[in-house]
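Just below is one structure, and these are the notes that go with it.
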Amino acid sequence: MRDRKVMLVTGGGRGIGAAIARQAAAQGYLVAVNYLRDRRSAESVVREILAGGGKAAAVAGDVSKTNDVTRLFEETAKHLGPVTHVVNNAGITGRSSRLDAADEATIRACIDINVTGSILVAREACRRMALSHGGAGGAIVNMSSGAASLGSPHEYVWYAASKGAIDSFTIGLAKEMAEEGIRVNAVAPGLIETEIHERSAGDPARMERIRPTIPMKRIGTTGEVAGAVLFLLSDAASYITGAVLRVAGGR
């Protein structure tokens, strides 16, 4: 069915990804919740969606690996239908530190998932959704970060660099796909209340330390970021492509 909206959310089992999956399902999307290792969290989100009358499936896969990415789209199509909307949300920071204290494995993993992974997922989406490939068009939202312009000194400058790459990628791909029926945008969250600060960065005090520097003097919610993503994917944003929407409380 051409009017069926099928969304693939990478890294959709926790945090912002889970909030996007829930809101998307509430708006009528069929949602594929991608995960790498945390199957339990992804399946929990799927159960919530099913309990609310929606349709969803948990799909495993490493976005930094081409074969896994191809399988993500194939599995989604098998369970829900051809993908029409993509949210490139999977990402990591690595342990917080200065660059001279960071190990190579941390840096490489961050770039592999945040940058290469997003590019590979978007490439597969374009191959399937572009008009010249027989697709019906669609929309992609990449997850950037306020770190792209702030630089994240003394925390994870490599992560900030990865998100700067996402901004450039979003702008270029949006222009490339403009005549292919695919809109490409990005959302750049600021300080959002998720477990990434403790789980990935190992810095549980970060939110309260940074809160005073936010003009709105509060931490954002995953729902607020999800709302911005869903707007950019919607027909209400039909003339928006190549945009990076900052959701950061003024910071």
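Here, each number is a calculation from the coordinates, and none is a lab measurement. Note that this is a predicted model, so its numbers are computed, not measured. Backbone-built Cβ (ideal geometry, glycine too); neighbour counts: all protein chains shown.
Name the helices (complete DSSP H segments) of the chain with a Cα length along the long axis of 27 Å or more and a Kyte-Doolittle mean of at least 0.0, or state none.
Details: long enough: 157-177 (30 Å, 0.42).
Both cut-offs are met by 157-177.
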Excluding residues fewer than 8 places away in the same chain, name every one of the aspartates and glutamates whose C-alpha is closer than 13 Å to that of Lys55. Glu43
Any idea what log10 I(q)/I(0) is at q = 0.14, 0.17, 0.18 Å⁻¹ for the range 122-251, Debye with uniform C-alpha scatterers and no solvent? -0.66, -0.89, -0.97
Among the lysines, which have Cα under 23 Å from the Cα of Lys163 when same-chain residues fewer than 8 positions away are ignored? Lys65, Lys175
Output the peptides 3-9, 139-145 sorted from most to least packed, where packing is the average of other Cβ atoms within 10 Å over each peptide's residues. 139-145, 3-9
For the range 6-247, take the alpha-carbon Rg, divide it by the Kirkwood Rh, and send me Rg/Rh. 0.95
On the first, second and third principal axes, largest extent first, how far apart are the outermost C-alpha atoms of the range 94-161 in Å? 49, 23, 13
Mind checking the alpha-carbon convex hull of the range 23-86 and giving the volume per residue in Å³? 78 Å³
Collect residues whose amide H, placed 1.01 Å from N in the peptide plane, falls under 5 Å from the amide H of Ile182; neighbours closer than 5 in sequence don't count. Gly138
